[in-house]
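Notes to accompany the following structure.
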Amino acid sequence: MPELPEVETVMRGLAARLQGRRIVRADMRRADLRWPVPSGLAAALTGANVASFARRGKYILMRLQGGDSLLLHLGMSGRMIITPPGPAAPVLHEHFVMQTEDGFRIALVDPRRFGSLDLLPTSEEASHPLLAGLGPEPLGPDFTAAKLSAALAGRRTPIKAALLDQRVVAGLGNIYVCEALFRARISPRRLAASVAGARAARLVPAIVATLTEAIAAGGSSLRDYVQPSGELGYFQHAWKVYGRAGAACELCPGKPACSGISRIVQSGRSSFFCPRSQR
DNA sequence: CAAGAATCCTGTCAGC
DNA sequence: TGCTGACAGGATTCTT
């Protein structure tokens, strides 16, 4: 579920609740997530003071005073739930729980257990195996048309698959790739290597705008990033193509030649696009 | 080497 | 109502 905008919103919500506070207890309920969670992780967090948060692609980093970082990935079905002090009803698939000194519970709920947790020295974040190979941050200064073209050069795979490759650019998932390609009027089937020049020059700002607007929607639709349910970072968004097969295409109003939004499958995943306006 | 398929796991939903 | 199969926003590992 969570792509860069959702992860960013979750991170901000966690920061609002945890930054500058002390974790008085931490419990690993299930350590068999995507990879086995290190056995000492909960003990290392217990009593720790939270210094700051950062995000890299779809990964969240929680930096502790004392020099360690918690690395968190939500996978497909991971959510963070914040509940205020008081009795808490049991929640299914609650694999990791932290409690702050002011009595709030912060829990990782992940039915499919594709998420991951790890603990590492803050000084070694950049060389961590899960982070070292990531491409540029799409909202950072290194994400330019020239650099994207260079990363795509020679790639004989569809642009859709290339943009899902976290080594090309970090943080995009199936939804935002579909939305950004629509915005840039580029077919998901187009050969990645052919996305250069004017197309790359359209694609970069299309990705930036798509992600920026989604983050803004998340922050504005949730009060302090927390829904009434306590859930962080998930928000309704008006997708233009994702999940809208058969719907009218906004780029071709009144054009009889436009048959609307199509759904195709590429490398086992759904792609939604307008075959008329996306080339 | 690169590209696509298979894989981990559970929940949900459409169709019968 | 209950069963079955397809599918889900991720990312690694295996095959070709």
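The values are calculated or read from the model by the stated rules, or taken from the named source; none is laboratory data. Note that this is a predicted model, so its numbers are computed, not measured. Methodologically, a virtual Cβ is constructed for each residue, glycine included, from the backbone with ideal geometry; neighbour enumeration extends over all protein chains shown.
Within the stretch A:147-167, is even one residue among the β-branched types (V, I, T) and modelled with pLDDT under 95?
Residues of the stretch A:147-167 that are among the β-branched types (V, I, T), as a first pass: A:157, A:159.
Next, from what is left, pick out any that are modelled with pLDDT under 95: A:157.
Yes.
Give all pairs with beta carbons closer than 9 Å in which a residue from the stretch A:152-168 that is more than 13 Å from DNA strand C (Cβ to nearest atom) meets a residue that is among the basic types (K, R); count only pairs at least 6 apart in sequence or on separate chains.
Pairs found: A:P158/A:R189; A:P158/A:R190; A:I159/A:R189; A:I159/A:R190; A:I159/A:R199.
Can you name every residue in the stretch A:78-132 that is away from DNA strand B (no atom under 16 Å from the Cβ) and β-branched (V, I, T)?
Within the stretch A:78-132, A:I82, A:T83, A:V97, A:T100, A:I106, A:T122 qualify.
Scan the stretch A:108-125 for residues that are crowded, with 18+ Cβ neighbours inside 10 Å and part of a loop (DSSP other than H, G, I, E, B) and jot them down.
Result: A:D110, A:G115.
Looking only at the stretch A:38-83, count every residue that is aromatic (F, W, Y) and in contact (Cβ under 8 Å) with a residue 60 or more places away in the chain and tell me the total. Please lay out each step first, then the result.
Just the residues of the stretch A:38-83 that are aromatic (F, W, Y), to begin with: A:53, A:59.
Now narrow it down to the ones that are in contact (Cβ under 8 Å) with a residue 60 or more places away in the chain: A:59.
Residues flagged as aromatic (F, W, Y) and in contact (Cβ under 8 Å) with a residue 60 or more places away in the chain within the stretch A:38-83 amount to 1.
Could you say which residue among A:A206, A:A193 is within 16 Å of DNA strand B (Cβ to nearest atom) and either touching a residue at least 12 places away in the same chain (Cβ under 8 Å) or not β-branched (V, I, T) (or both)?
None of the others qualify; the one that does is A:A193.
Looking at A:L139, A:L120, which one is modelled with pLDDT of 95 or more and in contact with a helix residue (DSSP H, G or I) (Cβ under 8 Å, 6 or more places away or on another chain)? Spell out how you get there, then give the answer.
Working: A:L120 fails: in contact with a helix residue (DSSP H, G or I) (Cβ under 8 Å, 6 or more places away or on another chain).
When all the criteria are applied, what remains is A:L139.
Looking at this structure, is A:R79 at pLDDT below 95, surrounded by 14 or more Cβ atoms within 10 Å (Cβ to Cβ) and either more than 16 Å from DNA strand C (Cβ to nearest atom) or not polar (S, T, N, Q) (or both)? Lay out the reasoning, then the answer.
Working: at pLDDT below 95: yes; surrounded by 14 or more Cβ atoms within 10 Å (Cβ to Cβ): yes; either more than 16 Å from DNA strand C (Cβ to nearest atom) or not polar (S, T, N, Q) (or both): yes.
Considered against the rule, which asks whether it is at pLDDT below 95, surrounded by 14 or more Cβ atoms within 10 Å (Cβ to Cβ) and either more than 16 Å from DNA strand C (Cβ to nearest atom) or not polar (S, T, N, Q) (or both), A:R79 comes out as yes.
With the structure loaded, tell me whether A:I207 is at pLDDT 95 or above and touching a Pro at 6+ places or on another chain (Cβ under 6 Å) or whether it fails that test.
On the way: at pLDDT 95 or above: yes; touching a Pro at 6+ places or on another chain (Cβ under 6 Å): yes.
Taking the combined requirement at face value, the residue satisfies it.
Take the residues in the stretch A:20-58 that are hydroxyl-bearing (S, T, Y) and out of contact with any helix residue (DSSP H, G or I) (no Cβ under 9 Å at 6 or more places or on another chain), then tell me which one is nearest to A:L74 (Cα to Cα). Spell out how you get there, then give the answer.
First, the residues of the stretch A:20-58 that are hydroxyl-bearing (S, T, Y): A:39, A:46, A:52.
Retained after the next criterion (residues that are out of contact with any helix residue (DSSP H, G or I) (no Cβ under 9 Å at 6 or more places or on another chain)): A:39, A:46.
Details: A:S39: 19, A:T46: 21 Å.
So the residue we want is A:S39.
Would you check if A:R189 is within 15 Å of DNA strand C (Cβ to nearest atom) and more than 18 Å from A:L211 (Cα to Cα)?
Details: within 15 Å of DNA strand C (Cβ to nearest atom): no; more than 18 Å from A:L211 (Cα to Cα): yes.
Answer is no for this residue.
For a quick check of your reading of the model, give me the residue pairs whose first member lies in the stretch A:126-145 and is in a loop (DSSP other than H, G, I, E, B), whose second is among the basic types (K, R) and surrounded by 13 or more Cβ atoms within 10 Å (Cβ to Cβ), with beta-carbon atoms closer than 8 Å and at least 6 apart or on different chains.
Going by the 8 Å Cβ cut-off, the qualifying pairs are A:L134/A:R56; A:P136/A:K147; A:E137/A:R56.
Could you please give the count of residues in the stretch A:101-118 that are more than 15 Å from DNA strand C (Cβ to nearest atom), more than 15 Å from A:G230 (Cα to Cα) and in contact with a strand residue (DSSP E or B) (Cβ under 7 Å, 6 or more places away or on another chain)?
Counting residues in the stretch A:101-118 that are more than 15 Å from DNA strand C (Cβ to nearest atom), more than 15 Å from A:G230 (Cα to Cα) and in contact with a strand residue (DSSP E or B) (Cβ under 7 Å, 6 or more places away or on another chain) gives 1.
Within the stretch A:206-226, identify whether any single residue is in a helix (DSSP H, G or I), over 20 Å from A:P5 (Cα atoms) and hydroxyl-bearing (S, T, Y), and answer yes or no. Before the answer, list the steps.
Let us first name the residues in the stretch A:206-226 that are in a helix (DSSP H, G or I), namely A:206-221.
Then keep just the ones that are over 20 Å from A:P5 (Cα atoms); that gives none.
No, the conditions are met nowhere in the stretch A:206-226.
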